[in-house]
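One structure is given here, and the rest of the page talks about it.
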């Protein structure tokens with residue numbers, strides 16, 4: 001656990017935020033007009049004077065700031081810096097076959113953790129499921145015209161990047177240039193198949209056939 005905290009501290013220092021979401025703070029620099037601070041939610045830990053003091057440190061005299069969460073001074077600094085990375089993280093605890101049940105119960109209190117035994121292949125299925133969940137991945141199957149869908153090699157995309165355009169770019173960057181429409185089977189459509197455009201949002205295990213311009 002000591003090593004875990006050291007690694008987390010090191011990553012934090014390099015701007016990597018594990019298992020965190022970007023703070024809901026809108027920040028926009030302007031050429032003039034001074035500093036405008038607005039709030040759509042109370043942020044008692046970050047008053048106007050503290051905000052202005054932080055902005056002075058960064059020599060920012062003109063900007064708009066809108067706080068949409070109970071932000072801290074560190075949250076504001078992260079937004080001003082603009083180079084933070086928010087990354088999901090799982091802690092995989094190996095060799096659980098070598099510890100007692102009592103010790104395992106203690107480990108269970110750790111957030112974002114999966115216990116496994118690589119040697120005995122214990123709990124590997126759960127590890128795969130958790131990785132899939134943390135990365136928010138979905139599977140999209142391709143269907144060439146006149147053939148059955150290819151269930152052996154799904155196209156893997158993140159849910160937030162799962163439009164038809166994203167799908168085409170994943171296959172080949174030039175594909176979207178010749179795109180005419182797509183036929184989709186699955187949970188994202190009302191009919192099977194349904195003709196959709198490039199902005200259509202796909203869901204897990206949809207089947208897609210791309211129709212190109214003639």
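The values are calculated or read from the model by the stated rules, or taken from the named source; none is laboratory data. If you're wondering where the values come from, they're calculated on a predicted model, not measured in any experiment. With ideal geometry, Cβ positions are generated from the backbone for all residues, glycine too; neighbour counts draw on all protein chains shown.
A few notes on this one:
- All positions within segment 13-44 that are more than 30 Å from residue 113 (Cα to Cα) and part of a loop (DSSP other than H, G, I, E, B): 30, 31, 32, 33, 34, 40, 41, 42, 43, 44
- Counting only residues that are in a helix (DSSP H, G or I), free of Cβ contacts under 8 Å to residues at least 40 places away in the same chain and touching a helix residue (DSSP H, G or I) at 6+ places or on another chain (Cβ under 8 Å), segment 157-214 holds 4 of them.
- Test for residue 113: is it in contact with a strand residue (DSSP E or B) (Cβ under 6 Å, 6 or more places away or on another chain) and more than 30 Å from residue 21 (Cα to Cα): no
- Taken together, 12, 26 contain a single residue that is in contact (Cβ under 8 Å) with a residue 40 or more places away in the chain and outside the structural domain of residue 125 (by TED's automatic domain parsing), which is 26.
- Residue 109 outside the structural domain of residue 25 (by TED's automatic domain parsing), over 30 Å from residue 31 (Cβ atoms) and surrounded by 11 or more Cβ atoms within 10 Å (Cβ to Cβ): no
- Annotation: of all residues in segment 1-46 being over 27 Å from the mean Cα position of the chain (by Cα) and surrounded by 12 or more Cβ atoms within 10 Å (Cβ to Cβ), the one that is nearest to residue 106 (Cα to Cα) is 37.
- Going through (1) farther than 20 Å from residue 88 by Cα; (2) in contact with a helix residue (DSSP H, G or I) (Cβ under 9 Å, 6 or more places away or on another chain); (3) surrounded by 15 or more Cβ atoms within 10 Å (Cβ to Cβ) one by one, residue 143 falls short only on (2).
- Residue check, residue 184 more than 29 Å from residue 87 (Cβ to Cβ), under 26 Å from the mean Cα position of the chain (by Cα) and buried (at least 17 other Cβ atoms within 10 Å of the Cβ): yes
- When segment 45-71 is filtered for residues that are part of a loop (DSSP other than H, G, I, E, B) and in contact with a strand residue (DSSP E or B) (Cβ under 6 Å, 6 or more places away or on another chain), only 71 remains.
- Residue match in segment 89-100 (condition: within 14 Å of residue 37 (Cβ to Cβ) and over 18 Å from the mean Cα position of the chain (by Cα)): no
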